[in-house]
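A quick write-up on the structure given underneath.
The values are calculated or read from the model by the stated rules, or taken from the named source; none is laboratory data. What you are looking at is a predicted structure, and each value in this text was computed from that prediction instead of being measured. Here Cβ is always computed from backbone atoms with ideal geometry, including for glycine, and neighbour counts include all displayed protein chains. SASA here: full protein model, heavy atoms, side chains in, ligands and nucleic acids out. Shrake-Rupley method; radii C 1.70, N 1.55, O 1.52, S 1.80 Å.
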Amino acid sequence: TTGYAGTIANPISAITQLGDLGTSGAMYGFRNTIASMFGEKNIKLVDAGLKSLAEFEDPKRTGAFLENLFKYSGFQAVDRLGKETTMNAALRKAQQQSLTKAGRAKLKENYGQVFGKEFDNFIGDLQRKNISDNVKYYAMNELADLQPVFLSEVPRAFVENPNGRILYLLKTFTLKQYDVVRNRIIGEYKKGNKEQAIKQAAVLAGYLSLANAGTGMAKDFLLGRDVSPEQIPDRALWALLGVYGANQYTSERYLSRGDLTGFAKNLV
């Protein structure tokens, strides 16, 4: 709790959370994400019984203290906006898919076994824009595929070793991004959907670069640091690499000297 309080429970870190929308844009489309961000939220966190990432859950008094810090720093509000935007963007895309034969086939490929006999009812609810329990379940699972919102979405060692969770401090989200690449890009490529996988990789890289570089420059502007257009290419690159755990400091300190072992140790 102390670690989170000293690192992310502040307004500047709250802005960082907006970078999560880059993943939503890549997976569900720019229009769906923007419409969900500024439009009506048909599905909210309360529908999924969610508050925050599983990493932040703490039943002790210190957990309540941290929750208040998140609330008053604005972190909680921005985090909720990002999660609800993602769920509603996923819903919008699914509703669009339900109207075409190819779209329904894709939904069945991913959720046919999940819903079983209820799948046709699920498609009907999407077509009628009925926010049923099945639709809520779908949106909740789409969010869980992108963010570690449940304990089922974090490493087993995290779940089984409460006293060792400090080793995962601010790491579960990064690990989940590896999982997104594994499932949505590498997995699709192995299935034979090579063109789709390559396209998805390019789109994801583009959205993450722009979203996280944008939030980084916004934070620098608010903090009175120099911001210039010339910085955009480099910042976009490091914004993308930062999602997967790399950063400019460790790269310049180790990789520039050819110290691959030092870089790997620092990354871990």
Q: Under a 10 Å cutoff between Cα atoms, tell me which one of ASN68, ASN88, ASN32 has the largest fluctuation in the Gaussian network model of the chain.
A: ASN68
Q) Looking only at segment 130-174, which residues have a backbone nitrogen under 11 Å from a spot 7 Å from the Cα of VAL114 in the C-beta direction? A) 134-146
Q) Of all the stretches in the chain, which is the longest one without any exposed loop site, taking trypsin sites (Lys or Arg not before Pro) in a DSSP loop (any state but H, G, I, E, B) with at most 10 other Cβ atoms within 10 Å? A) 61-224
**Q.** Centre separation in Å (Cα based) which lies between segment 1-18 and segment 180-256
**A.** 20
Q.
Let's test the formula: R0 of 25 Å, r as the Cβ-Cβ distance of GLN248 and PHE30. What FRET efficiency results, to the nearest 0.05?
A. 0.35
Q | Sorted largest first, extent of the chain alpha carbons per principal axis (Å) | A | 56, 47, 38
Q. Using the membrane-span-like helix rule (whole DSSP H runs, Cα extent along the own axis of at least 27 Å, mean Kyte-Doolittle hydropathy at least -1.0), which helices of the chain qualify?
A. 75-97, 194-222
**Q.** Largest-first ellipsoid semi-axes for segment 1-46, taking √(5λ) over the Cα gyration tensor eigenvalues, angstrom
**A.** 26, 13, 9
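Which entries in LYS176/LYS199; LYS44/LYS117; LYS41/LYS83; LYS101/LYS129; LYS41/LYS93; LYS199/LYS219 show an alpha-carbon gap greater than 22 Å?
Correct reply: LYS44/LYS117; LYS199/LYS219.
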**Q.** Residues listed by number, segment 201-217, amide nitrogen under 14 Å from SER228 label point at 7 Å toward C-beta
**A.** none
Q. By how many nm would the segment from PHE38 to ASP179 grow when fully extended, if each residue of separation counts as 0.36 nm and the alpha-carbon distance is taken off?
A. 47.9 nm
Q) Who wins for biggest fluctuation among LEU99, LEU50, LEU170 in a Gaussian network model of the chain, springs between alpha carbons below 10 Å? A) LEU99
Q.
Taking all protein chains in place and a 1.4 Å probe, what share, in percent, of the accessible surface of the chain do carbon and sulfur account for?
A. 56
Q. For the chain, with every protein chain kept in place, what is the accessible area per residue (1.4 Å probe, Å²)?
A. 57
